[in-house]
Amino acid sequence: RDAHYSWIPATVLAHPDSLASPVPRLRVRIRLPSDWEDRTVVPKGGDPSSIELERTVKLSDYPNRELPLQNLEKDGKTAMGKNDMADLPNLHEAAILYNLKERHSGGVPYTRVGDIMVAMNPFQWIDGLYSEEKKFFYAKNLIWQAQPKPTKPVTEENGNQPLATAASERQAIGYEHEKLGIDPHVFETASLAYLGLALDGSNQTILVTGESGAGKTETIKIVMNHLATVERSRPNWPESDRDMDSEHGSDTVNRVLRANTVFEAFGNAKTLRNDNSSRFGKFTQLQFDVEDTSYANLNGRAIPSCLLAGSKCITYLLEKSRVVSVSQGERTYHIFYQLLEAPDEIKKDIWEEGLVGASTADFNYLSTSSAQEHGFDSGEEWI
């Protein structure tokens, strides 16, 4: 254990004379990863080179008086990384943190823990991570190539073979997906939820949770976009209808997805940790028209269609105090700044005397911040 870094890898130099002693101790040597200085946040005023490399540790500070074992490759030096942390030989807090650290350093934000998807915010845009090609890849492998359970019992006479069900697809997360070469991704979570809805006909729930700045808001938008448009990735779907902006695009889908912008305007604000922090809780229900299985079979579809028919959103615990009190370096809700940067024609329709020609300095509750500060372009956001 380390006071600042939580856990640091080390090699045992000397064993205690007796583990039965009241306070058994070990002499260890810290072994820092090669990318330590580039990939590690050091304490303020600290210096990575000032770390005490040889230490004496008390085994009484650890469960069962044992140091947690590292997960190393066969060479005994390289840290082992896994797509699914359930596949790590030694699973404990240090192993989880270092597996996530290794993947995050390599630009891989997603890691599985069984059927849970862990996302580490990369704080940068990764090219191709949410491309249409990537979306189609997960839909193809996890939805359209899945098979419904057989309608007749498997017997020697009919020769039917048991096929995968939505439940078995979920059980395949981890080792089975590892063999298929499918990397963890939030598209995987959304695709399997869609599959459960289509094949099992049961409601699906995706819980997105994490601390401020973890990426919850963006993750929800990515999941909603995938669920709302995944039907367009069906192999026999008309090519002209795959584009969201085409004349064949669903108005319902467009309105549901664009509603996020309105919620963010009235409920999101800049904080010290997050430029687009949701200051309220939200429960979003996507409502689908699920095709009957027998009708789907008549039309040659192994996977029934699920078309987005509408949505319902319940909000709660809005941080109302932010309207009248904003901490230094933060902003109130986006909508106020967007409104001030809106075209004069819009301002005249809303409140001509108070908005036309006004700036944040004209309003007491906005005077400590600017519509254009910290990289924000509220005029562009209004559009």
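The values are calculated or read from the model by the stated rules, or taken from the named source; none is laboratory data. Predicted, not measured: the structure shown is a model, and the values here were computed from it. Please note: Cβ atoms are built from the backbone with ideal geometry, for glycine as well, and neighbour counts cover all protein chains shown. Please note that ligands, DNA and RNA were not included when accessible areas were found on the heavy atoms of the full protein model with its side chains. Shrake-Rupley method; radii C 1.70, N 1.55, O 1.52, S 1.80 Å.
Note down the nm distance, to one decimal, between modelled labels 7 Å out along Cα→Cβ at Trp351 and at Gln285.
Inter-label distance under the simple model: 3.5 nm.
Measure up Lys140/Lys216; Lys77/Lys135; Lys140/Lys270; Lys74/Lys221 against 31 Å on the Cα-Cα distance and list the ones that go over.
Numbers: Lys140/Lys216 26 Å; Lys77/Lys135 36 Å; Lys140/Lys270 38 Å; Lys74/Lys221 41 Å.
Listed pairs above 31 Å: Lys77/Lys135; Lys140/Lys270; Lys74/Lys221.
Can you compute the label reach from Ser367? Point 7 Å from Cα along the Cβ direction, backbone N cut-off under 18 Å, restricted to segment 299-332.
Flagged as within label range: 323-332.
Ranked from highest to lowest mean number of other Cβ atoms within 10 Å per residue, what is the order of the peptides 294-303, 322-331? Intermediate results must be reported in sequence, preceding the final value.
On the way: 294-303: 12.9, 322-331: 14.4.
Averaged packing, sorted descending, gives the order 322-331, 294-303.
Between Ser105 and Thr261, what is the spin-label point distance in nm, taking each point 7 Å from the Cα along the Cα→C-beta axis?
Going by the 7 Å Cα→Cβ label model, 4.1 nm.
Provide the per residue accessible area, probe 1.4 Å, for segment 259-357, rounded to a whole number of square angstrom. Each step should come with its number before you reach the end.
Numbers: 5710 Å² over 99 residues.
Computed with neighbouring chains in place, this is 58 Å² per residue.
How would you order 347-356, 94-103 from highest to lowest mean count of nearby Cβ atoms within 10 Å? It would help to have the intermediate numbers written out before the result.
Values: 347-356: 12.4, 94-103: 19.1.
Order by mean packing, descending: 94-103, 347-356.
Using 0.36 nm per residue, how much length does the chain from Ile51 to Arg234 gain when fully extended, once their Cα-Cα distance is taken away? Don't skip to the answer; put the middle values down first.
On the way: separation 183, 0.36 × 183 = 65.88 nm, distance 5.52 nm.
Gain on stretching Ile51 to Arg234: 60.4 nm.
Express in nm, to one decimal, how much length is gained between Ser325 and His4 on full extension, taking 0.36 nm for each residue of separation and deducting their alpha carbon distance. Display every interim value, and only then the final one.
On the way: separation 321, 0.36 × 321 = 115.56 nm, distance 3.33 nm.
Full-extension gain reported as 112.2 nm.
Using a Förster distance of 22 Å, how high is the FRET efficiency between Ser305 and Asp200, based on the Cβ-Cβ distance and rounded to 0.05? List each step's numbers first, then the result.
Numbers: r = 15 Å, r/R0 = 0.68.
Computed FRET efficiency for Ser305 and Asp200 comes out at 0.90.
Pop the C-beta distance of Ser294 and Asp115 into the FRET formula with R0 = 25 Å and round what comes out to the nearest 0.05. Let's see the in-between values first.
Working: r = 30 Å, r/R0 = 1.18.
Once rounded, the FRET efficiency stands at 0.25.
Tell me, in nm to one decimal, what length is gained between Glu93 and Thr252 on full extension, where the rule is 0.36 nm per residue of separation less the Cα-Cα distance? Mind showing how you got there, number by number?
Working: separation 159, 0.36 × 159 = 57.24 nm, distance 4.44 nm.
The span from Glu93 to Thr252 would gain 52.8 nm if fully extended.
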